[in-house]
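The values are calculated or read from the model by the stated rules, or taken from the named source; none is laboratory data. Note that the structure is a prediction, hence the values are computed from the model and not measured. Virtual Cβ from ideal backbone geometry, glycine too; neighbours counted across all protein chains shown.
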Amino acid sequence: MSDKNTYLAELRDLVASFVEERRWQQFHTPKNLAMSISIEASELMELFQWSDERELGDERLARAREELADVVIYCLTMSEMGSSPFAPLW
């Protein structure tokens, strides 16, 4: 799988499998997921606080990619609510 030919459906399936394997569905309510999205987005913003993005460096950019991935994962999980037999309908 590469970025150039990965479809959103594939990413949703990967995230759903990851969540199912860990039995995390019980924690994935709309409130908890919305809070998680906000928390991860805040962690992403914190990396840029008080800094000039032109001077960020490889380590901080790598951490930013990880935080962004967390945001996307929680967004994909929340977008699937109601379509999974494990998720509560809302």
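Quick notes on this one:
- When the residues of region 1-48 are filtered to those that are within 16 Å of Glu66 (Cα to Cα) and of a type in the set (Asp, Glu), the one that is surrounded by the fewest Cβ atoms within 10 Å (Cβ to Cβ) is Asp3.
- Answer residue from region 49-81, given it is in a loop (DSSP other than H, G, I, E, B), of a type outside the set (S, T, N, Q) and over 21 Å from the mean Cα position of the chain (by Cα) and is modelled with the lowest pLDDT among those: Leu56
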